[in-house]
């Protein structure tokens, strides 16, 4: 009980630490989509429907589908002019792969800004939001930056085997990737993890929290994107959240908290923390908002594509600023 009280207290203090960064958007009017955002929404939906609709559940037990998803991502990268790096390794006796596309930096190429998303889905779900949405955003970033060198090297990576039972094990795709990057001495200055970006709701009480006290600091409407990290990556959080807000009117919240707070380390950014790299997660907080999280109903038609497009547009601007 004492440990639980300490953890809860730390978490509440963490919420207070970012409270000054909040924008009040509990009752803010919904932003209309621009023509460019409407077109982006169509492209994002196309990626999600390909991965979660046509391919469907994709994991080591749906191996052909997992391979089909990897092939789709590799084909999209290649079609945009990228040389696709493939990092193969074995899981359960089967060969799986992380996929990398890179634009070498023009001024500081040794400094790497890495954007990642996992393309596998949990057993029993087609994984539209978790995580075809993150992959769709990754592919749109690849299109936006194709052939446009930034000052820093921009690296886009699709990871495999993020979902249980491989999460936080040596077989997790991002764990394999981050460990090898550290062994090579690569200077990853920031890692942004794209995780469940597709669902937003303006309904009252549509947002929930791992601790009730967090409701004093965050909205009860699930109409915002969240930037989430641990204390050691708090500086990256401040810079990223401020940048997103400069370029986008879409509601955004930030949290730097302890890993003991459920959800803080629930994706591929965790793997980069293990190697000492600064990393954060961008998420719609799916476990605390999305009613179809890790269920068979996580299908493409459940997502909020106009809002999703506004988020991705803001992330494009954020990445451009961090890369330069």
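Every number in this text was worked out from the coordinates using simple rules, so none of it is lab data. Values in this document were obtained by computation on a predicted structure and should not be read as measured data. Glycine also receives a Cβ, built like all others from the backbone with ideal geometry; neighbour counts cover every protein chain displayed.
Assorted remarks:
- If you look at the Cα atoms of region 115-251, you get an Rg and a Dmax of 16.6, 49 Å.
- Label-point gap, in nm, between residue 232 and residue 94 - each point 7 angstrom along Cα→Cβ: 3.3 nm
- GNM result for the chain, Cα springs below 10 Å: residue of 156, 205, 113 fluctuating most strongly: 205
- Value at 222 nm in deg cm²/dmol, rounded to 500, when DSSP H runs of n ≥ 4 in the chain each add -39,500 (n - 2.57): -11000 deg cm²/dmol
- Largest mean-square fluctuation among 278, 149, 204, in a Gaussian network model of the chain whose springs join Cα atoms under 10 Å apart, belongs to 204.
- Rg in Å to one decimal, and Dmax rounded to a whole Å, for region 48-167 via C-alpha atoms: 14.4, 46
- Grouping the Cα pair distances of region 193-263 into 10 Å bins from zero gives a pair-distance distribution of 18, 51, 31, 1 percent in increasing distance order.
- Spin-label model, residue 61/residue 168: points 7 Å from Cα along the beta carbon direction are separated by 2.1 nm.
- Potential lengthening between residue 242 and residue 296 on full extension [0.36 nm per residue; Cα-Cα distance subtracted]: 15.8 nm
- Inter-part distance where region 250-317 and region 133-149 are each reduced to a Cα centre, Å: 17 Å
- Summarising the overall dimensions of region 126-187 from its C-alpha atoms, the Rg and Dmax are 14.0, 38 angstrom.
- Unit Cα scatterers, Debye sum, region 217-324: log10 I(q)/I(0) for q = 0.18, 0.24 Å⁻¹: -0.97, -1.44
- Stokes-Einstein diffusion for region 273-324 at 37 °C, viscosity 0.692 mPa s, with a Kirkwood radius from C-alpha pairs, works out to 242 µm²/s.
- Cα-projected label distance for residue 179 with residue 202, points at 7 Å along beta-carbon direction, nm: 4.7 nm
- Shape call, region 173-232: gyration tensor on alpha carbons, a/c limit 1.5: prolate
- Translational diffusion of the chain, estimated by Stokes-Einstein from the Kirkwood radius over alpha carbon pairs at 20 °C in a medium of 1.002 mPa s, is 110 µm² per second.
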